[in-house]
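Here is the structure we will look at, set down as structure tokens.
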Amino acid sequence: MSDYRTPRGPEPADPPVRITVLSDSAEGPESLARLHDIADLRIACDEASLRAALPGSRILLVTDFRTESLEAAWDAADSLEWVHAASAGVDQLMFDALVDSSIPVTNAQGIFDRSIAEYVLGAILVFAKDTRNNIRYQHAHRWVHRDTETIEGKRVLVVGAGSIGREIGALCRAAGMGVAGIARRERPADDVFDAVYAADTLDEHLARADYVVVAAPLTDATEGWFDAGRFEAMPEHARFINIGRGPIVVTDDLVTALETGQIAGAALDVFESEPLPGDHPLWDMDNVLMSAHMAGDFIGWRDALIDQFLDNLRRWQSGEPLFNEVSKRHGYAPGGQ
């Protein structure tokens with residue numbers, strides 16, 4: 001007797017995972033095109049569209065960090081299992097309901113490290129070689145010979161010795177500079193840092209720094225960290241570089257320190273208020289270098305962010321641990337990828 005079985009069709013495919021993207025536009029970034037074929041993608045750009053998109057969404061990808069929409073629409077998130085921030089900083093996401101939830105948050109640690117480190121080393125060289133005056137004299141058709149500084153042997157204090165801070169330290173060390181770090185806790189020296197000091201000892205180490213680089217996340221502990229007292233603790237020849245977050249610095253105190261010669265100069269990529277108002281005194285200071293929150297934004301960074309998200313999505317789908325999971329209490333990813 002033959003073994004007859006009723007033919008069966010193919011097994012039904014699992015429905016694509018619903019992913020909501022919080023963007024600054026209704027279309028979302030062009031780099032999201034690769035997600036359309038593998039996910040049920042919803043784009044939100046304000047509270048109303050986010051509230052409509054969140055129900056049923058298992059993943060939230062945040063690309064817009066200058067909005068309060070997520071906190072306002074959070075009660076509509078009935079199925080979320082993972083929130084990914086397409087940036088290294090996650091301070092805008094750390095509202096109480098998300099922090100208190102069991103939903104993991106990951107970030108884009110690692111994507112911007114090298115670009116930011118190159119920005120910092122470039123700023124150090126601009127100060128040391130008086131490049132700003134070279135450009136000014138060139139435009140004025142003036143031949144003005146000067147002696148300039150070398151950076152070999154100069155001391156860099158990297159405030160925030162995480163992934164970005166470590167890459168900054170590595171480039172500065174390769175250029176012959178001495179590098180120390182500031183972290184939440186003291187830890188042993190390694191191949192990048194001559195020493196890593198605890199955050200509560202910051203003041204005593206500022207006095208020995210030629211360059212102070214802020215690469216720390218914005219948290220309750222770091223907001224307003226660099227105030228008049230911190231600038232007074234720095235040597236008069238020191239330069240201050242901030243690629244972390246604007247609110248870590250009390251801007252009025254920085255302006256005073258620059259105007260009075262308490263410190264020699266500053267390179268600033270981030271500000272308390274962005275964009276910086278057109279009438280702000282920082283614009284016209286000869287000892288200040290400024291950029292528009294772009295230190296990490298290299299050509300191709302949007303695609304790199306999606307590549308990283310897709311790698312993590314594959315891990316999520318296969319039940320593997322996510323990489324770059326953020327400590328929601330501390331505001332950064334301790335382990336990184």
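The values are calculated or read from the model by the stated rules, or taken from the named source; none is laboratory data. The model shown is predicted, which means the values in this text are computed figures rather than measured ones. We place every Cβ from the backbone using ideal geometry, glycine too, and count neighbours over all the protein chains shown.
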How many residues does segment 209-227 contain that are in contact with a strand residue (DSSP E or B) (Cβ under 7 Å, 6 or more places away or on another chain) and either among the β-branched types (Val, Ile, Thr) or exposed (fewer than 14 other Cβ atoms within 10 Å of the Cβ) (or both)?
3
I'd like to check something: does segment 232-244 contain any residue that is assigned by TED's automatic domain parsing to the domain that holds Ile263 and touching a Pro at 6+ places or on another chain (Cβ under 9 Å)?
yes
Quick one: which residue in Asp279, Asp307, Asp269 is acidic (Asp, Glu) and in contact (Cβ under 8 Å) with a residue 60 or more places away in the chain?
Asp269
Any residue at all in segment 127-134 that is surrounded by 15 or more Cβ atoms within 10 Å (Cβ to Cβ) and in contact with a strand residue (DSSP E or B) (Cβ under 6 Å, 6 or more places away or on another chain)?
yes
Name the residues in segment 325-337 that are surrounded by 12 or more Cβ atoms within 10 Å (Cβ to Cβ) and either at pLDDT 95 or above or of a type in the set (D, E, K, R) (or both), would you?
Glu325, Lys328
Considering Asp269, Asp220, which residue is within 22 Å of Asp200 (Cα to Cα) and among the acidic types (Asp, Glu)?
Asp220
The residue from Gly181, Gly176 that alone is among the small types (Gly, Ala, Ser), in a loop (DSSP other than H, G, I, E, B) and either in the same structural domain as Phe240 (by TED's automatic domain parsing) or more than 25 Å from Phe323 (Cα to Cα) (or both) is Gly176
Can you name the number of the only condition in (1) in contact (Cβ under 8 Å) with a residue 12 or more places away in the chain; (2) in the same structural domain as Arg239 (by TED's automatic domain parsing) that His145 fails?
(1)
Would you please name the residue that is surrounded by the fewest Cβ atoms within 10 Å (Cβ to Cβ), looking only at residues in segment 257-272 that are in contact with a Ser or Thr (Cβ under 8 Å, 6 or more places away or on another chain) and farther than 23 Å from Glu236 by Cβ?
Glu272
Qualifying position, being among the charged types (D, E, K, R), part of a loop (DSSP other than H, G, I, E, B) and closer than 30 Å to Gly261 by Cα, among Asp297, Asp286:
Asp286
Among the residues of segment 135-150, write down those that are within 31 Å of the chain's Cα centre (by Cα) and surrounded by 13 or more Cβ atoms within 10 Å (Cβ to Cβ).
Glu149
Quick check on Ala267: is it hydrophobic (A, V, I, L, M, F, W, C) and not in a helix (DSSP H, G or I)?
yes
Kindly check whether there is at least one residue in segment 234-245 that is β-branched (Val, Ile, Thr), closer than 17 Å to Gly165 by Cα and buried (at least 20 other Cβ atoms within 10 Å of the Cβ).
yes
